[in-house]
């Protein structure tokens, strides 16, 4: 790196493709390719190769319990998955958990971001405390909440005066799982929103205040519209992450009590039942669903405007 | 009550609410780890009988100490590799003009959004065939890969802020290129690299999906995977105290890093996510 001292002029954006490239610019390109190549190769090799492998496996009857019965069966695995009630139930579970937990995270995250933005004293303390859930290992967070909700060990049933085990039925388990997800992820949501809040000019707020706008009006008419890109990016990130929910459910009950998510189904099919063909079909379908969500956010809602990279210079 | 005083009270209340919400689950797991086995299931928030025996328990069995060794080793190696590879890419992205810059950023974004569980089947299959199943490299490879996108974003955001002209200025003043790099650029780039290192280490330290799928024994099992499968004294007794103690031990180092470097982590995370 030390040898690269190209003067700023060659980096000016004025150079167009048509112009004859100077030797220096060509050398710069060559260097850039070599610098970027390792990252590009690693990312493509470790994601593209397996996903292609998953597509191939998903077209085969591949069951590790019967390794000699492997053969090409076309789209039959997809037919099996898509006609199985369990797939649609798991999609439903995943959507419920995603929508509810991300909505709550957005509201609480916004509140937390506003507190961190506006607070007049103790900002460092609030930020440090708010970062605690972010810093906790996901599995530990899930264990803590699971042990807190469980009738055997926990303090929550006692506090709420429950006689039965909240984790022995579906509703209680969903509440506990969503609380865990919200607790763990709200700080990150708040940090993303805080960065968006910083972009809202104070003068605009002051001007509206002078014009007699109430706090709520200023929030809905100025802050929210100006923060739309930041909100969309934050919600996109959190939605994609929530949709892949695995750790929390695994720790709580591995998908019992009607809480099996798509990732959990994927894991169970692959590693419990060792059915690589069916499991890979689930993997590919999950991959497509996640891609669809990302495309929806970027194309339809326009999150792309502020998505990482797109405005990179 | 004056306006000022009311405001102070309001903010104090807000701080209190935030503190209770984020700290109660942490206090709970700490308290649970300090309960004696006999009182672990009494359901009280604060222990009636205090003990450190859960900690001596987990450190006297190989399961936890092996997992801790694996977590630290795998986490550090993955982080060093990811930050190294990402630094060179981020330098090119921040400083050089080349076609395909957007492509590499899009690939990184795609990898960042990738559902990791989708890779578990193919990797499990492949690792078993080539002998990487239940080994350190078997986890280091996916960890490094999934840490790359965020590392590239965070580092290129940091690198863009560096006044690179200083390097030339130093050379004009008679420094050799290497001196200029080491004395001027390295100190300027260090904060960004340290921040990225911490963020990436937390990602690797946290992982559960790959750890539970691609390992099976103490040869490579990391702490999150080990905690989820702690054996009880019998099949029907859950070792609450041991789980809680192990949870506290893995949380402490990360928590210290987060609290010490909180300002930098916040700016790194938000720069990587929002500004790109």
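Bear in mind these aren't lab numbers, they're just calculated from the coordinates by the rules spelled out. Just so it is clear, the model here is predicted, and its values are computed rather than measured. No Cβ is skipped: glycine too gets one built from the backbone with ideal geometry, and neighbour counts run over all protein chains shown.
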Checklist line | Scan of the stretch A:229-261 for residues that are assigned to a loop (DSSP other than H, G, I, E, B) and either more than 14 Å from the chain's Cα centre (by Cα) or more than 8 Å from chain B (Cβ to nearest Cβ) (or both), ordered by number | finding: A:245, A:254, A:255, A:256, A:257, A:258, A:259, A:260, A:261
Notebook entry, point to check: Can you name the number of the only condition in (1) buried (at least 16 other Cβ atoms within 10 Å of the Cβ); (2) in contact (Cβ under 8 Å) with a residue 24 or more places away in the chain that residue B:101 fails?
Noted result: (2)
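Would you mention how many residues in the stretch A:48-63 are surrounded by fewer than 21 Cβ atoms within 10 Å (Cβ to Cβ) and under 22 Å from the mean Cα position of the chain (by Cα)? Talk me through it step by step, then tell me what you get.
Restricting attention to the stretch A:48-63, the residues satisfying the condition of being surrounded by fewer than 21 Cβ atoms within 10 Å (Cβ to Cβ) are A:48-49, A:51-53, A:55-56, A:59-61, A:63.
Narrowing the set further to residues that are under 22 Å from the mean Cα position of the chain (by Cα) leaves A:48, A:51.
Summing the residues that are surrounded by fewer than 21 Cβ atoms within 10 Å (Cβ to Cβ) and under 22 Å from the mean Cα position of the chain (by Cα) in the stretch A:48-63 gives 2.
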Next item on the list: Would you tally the residues in the stretch B:200-210 being under 14 Å from the mean Cα position of the chain (by Cα) and farther than 15 Å from residue A:134 by Cα?
Entry: 1
Checklist line | Complete set of residues in the stretch A:138-156 that are touching a helix residue (DSSP H, G or I) at 6+ places or on another chain (Cβ under 7 Å) and either loosely packed, with under 13 Cβ neighbours inside 10 Å or not in a helix (DSSP H, G or I) (or both) | finding: A:150, A:151, A:153, A:154, A:155
Check: Which one of B:259, B:150, B:166 is surrounded by fewer than 22 Cβ atoms within 10 Å (Cβ to Cβ) and facing chain A (nearest Cβ under 10 Å)?
Finding: B:259
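Would you point out the residue of the stretch A:157-176, among those that are touching a residue at least 12 places away in the same chain (Cβ under 8 Å) and outside any loop (DSSP other than H, G, I, E, B), that is farthest from the other protein chains (Cβ to nearest Cβ)? Reasoning before the result, please.
Filtering the stretch A:157-176 down to residues touching a residue at least 12 places away in the same chain (Cβ under 8 Å) leaves A:164-170, A:172-174, A:176.
When the remaining residues are screened for being outside any loop (DSSP other than H, G, I, E, B), the result is A:166-168, A:170, A:172-174, A:176.
On the way: A:166: 13, A:167: 13, A:168: 15, A:170: 22, A:172: 16, A:173: 17, A:174: 18, A:176: 12 Å.
Per the stated criteria, the residue is A:170.
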